[in-house]
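Each remark here refers to the structure printed beneath this line.
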Amino acid sequence: MLNKEFKRKDVERMRNLIKGKTGESAELQVGYKAKKEDHKEGDIWEEGNKKWIIKDGIKQTYTKLDKVRKEAILPLFCPNCGSLMKKRNDAKMYKIHKKCFDCVVEMEHKLRIEGEYKKYEKNIIANNAKNYVDDLEKYLLEAINESNTSYVSERGEVERWKGGIDKKEFTSKMEENLKSFRKQIKDYKNDKT
Ligand SMILES: [Zn+2]
């Protein structure tokens with residue numbers, strides 16, 4: 001396991017890369033250091049009409065984190081069958097299906113008998129791919145808006161541009177690609193592949 005200090009340094013390095021500050025050490029960034037002194041891990045404060053928190057060394061909106069936390073909370077009982085959800089796979093299954101592991105097994109068994117399993121499986125794969133593309137879009141948009149000298153490629157590498165990038169052009173190209181990804185997913189789901 002990585003310790004927190006290492007993770008924070010790692011995050012700082014990543015931020016510097018995205019902001020195109022590869023040559024500068026974190027200590028030289030007066031602005032960032034000042035912020036670090038003001039707010040430590042776990043701090044919550046208001047700034048620009050938003051609540052912020054430092055979590056894992058990253059400043060993020062508290063509401064966003066709150067939503068993630070709420071979604072991650074596992075209810076005590078399965079909403080479908082009412083049994084106590086404490087088995088090993090219950091949490092994982094609840095996140096996807098909003099029911100316990102046993103209920104998912106039963107549902108999948110039924111679908112197999114009814115010959116609907118393939119369709120169901122495709123649906124799950126397509127949804128995963130869709131979520132991935134949505135996350136990718138969010139990530140790329142954030143990276144573009146943070147920087148005008150570099151961007152993060154699809155493989156997650158930071159690519160550097162001489163003289164900055166045309167944000168508008170890059171964003172429209174990116175949206176074009178994402179649109180094509182989404183169409184491919186839709187076609188896969190509708191059996192057009
Ligand atoms: Zn259940």
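The values are calculated or read from the model by the stated rules, or taken from the named source; none is laboratory data. This structure is a prediction, so every number in the text was calculated from the model and none was measured. Here Cβ is always computed from backbone atoms with ideal geometry, including for glycine, and neighbour counts include all displayed protein chains. For accessibility, only protein heavy atoms count, side chains too; no ligands or nucleic acids. Shrake-Rupley method; radii C 1.70, N 1.55, O 1.52, S 1.80 Å.
Before moving on, here are some points about what is shown:
- Filtered residues of region 170-193 (kept if loosely packed, with under 15 Cβ neighbours inside 10 Å, more than 20 Å from Lys138 (Cβ to Cβ) and not hydroxyl-bearing (Ser, Thr, Tyr)): Asp187, Asn190, Asp191, Lys192
- Residue selected from region 88-100 under the condition of a type in the set (D, E, K, R) and surrounded by 14 or more Cβ atoms within 10 Å (Cβ to Cβ), by the criterion nearest to the ligand (Cβ to nearest atom): Lys99
- Among (1) hydrophobic (A, V, I, L, M, F, W, C); (2) within 23 Å of the chain's Cα centre (by Cα); (3) open to solvent by less than 40 Å² (accessible area, probe 1.4 Å); (4) at pLDDT 85 or above, the one test that Cys103 misses: (2)
- Failed item, numbered, when Tyr151 is tested on (1) open to solvent by less than 60 Å² (accessible area, probe 1.4 Å); (2) modelled with pLDDT under 60; (3) farther than 29 Å from Lys59 by Cα: (3)
- For region 106-123, the set of residues classified as within 14 Å of the ligand (Cβ to nearest atom) and open to solvent by 80 Å² or more (accessible area, probe 1.4 Å) consists of Glu106, His109, Lys110, listed by residue number.
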